[in-house]
1. Need pairs with beta-carbon distance below 6 Å; first residue within 15 Å of Ile6 (Cβ to Cβ) and within region 35-52, second surrounded by 13 or more Cβ atoms within 10 Å (Cβ to Cβ) and not hydrophobic (A, V, I, L, M, F, W, C); sequence gap 6+ or separate chains.
2. From Lys53, Lys9, which residue is loosely packed, with under 15 Cβ neighbours inside 10 Å and among the charged types (D, E, K, R)?
3. So, in region 19-34, of the ones that are within 18 Å of Lys5 (Cα to Cα) and out of contact with any Phe, Trp or Tyr (no Cβ under 9 Å at 6 or more places or on another chain), which residue ends up surrounded by the most Cβ atoms within 10 Å (Cβ to Cβ)?
4. Looking at (1) over 9 Å from the mean Cα position of the chain (by Cα); (2) at pLDDT 95 or above, find the lone condition where Thr23 falls short.
5. List every residue pair whose Cβ atoms sit under 9 Å apart, with the two residues 6 or more apart in sequence or on different chains, where the first one lies in region 56-79 and is in a helix (DSSP H, G or I) and modelled with pLDDT of 95 or more and the second, anywhere, is surrounded by fewer than 15 Cβ atoms within 10 Å (Cβ to Cβ) and of a type in the set (Gly, Ala, Ser).
Amino acid sequence: MDEDKIVEKVCLLALFKKHPGETLKDIQAMLVDTGMFDMKECKSVFKQLKAEKYISETNELTLKGITEAKDAEEMFKQP
């Protein structure tokens, strides 16, 4: 799996695990704080995920996004 796909999965998983009241901007800021990428790159990834219909226009995960986020959760789960 290439690095771009892993980054996408991390972003979808972060959105899947967000707490009530957290916004997309909160999630993006948290991901940027990890040092994974800068805000410009982060916004680009989320824009791509929206274009690919993983994230709706209301910044919620679509069914496609939820499915991919659950797959990511299994992939990153520690044994």
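1. Cys42/Gln28
2. Values: Lys9 fails: loosely packed, with under 15 Cβ neighbours inside 10 Å.
One residue alone meets the criteria, Lys53.
3. Val32
4. Going through (1) over 9 Å from the mean Cα position of the chain (by Cα); (2) at pLDDT 95 or above one by one, Thr23 breaks only (2).
5. Gly65/Ser56
The values are calculated or read from the model by the stated rules, or taken from the named source; none is laboratory data. All values derive from a computational prediction rather than experimental measurement. With ideal geometry, Cβ positions are generated from the backbone for all residues, glycine too; neighbour counts draw on all protein chains shown.
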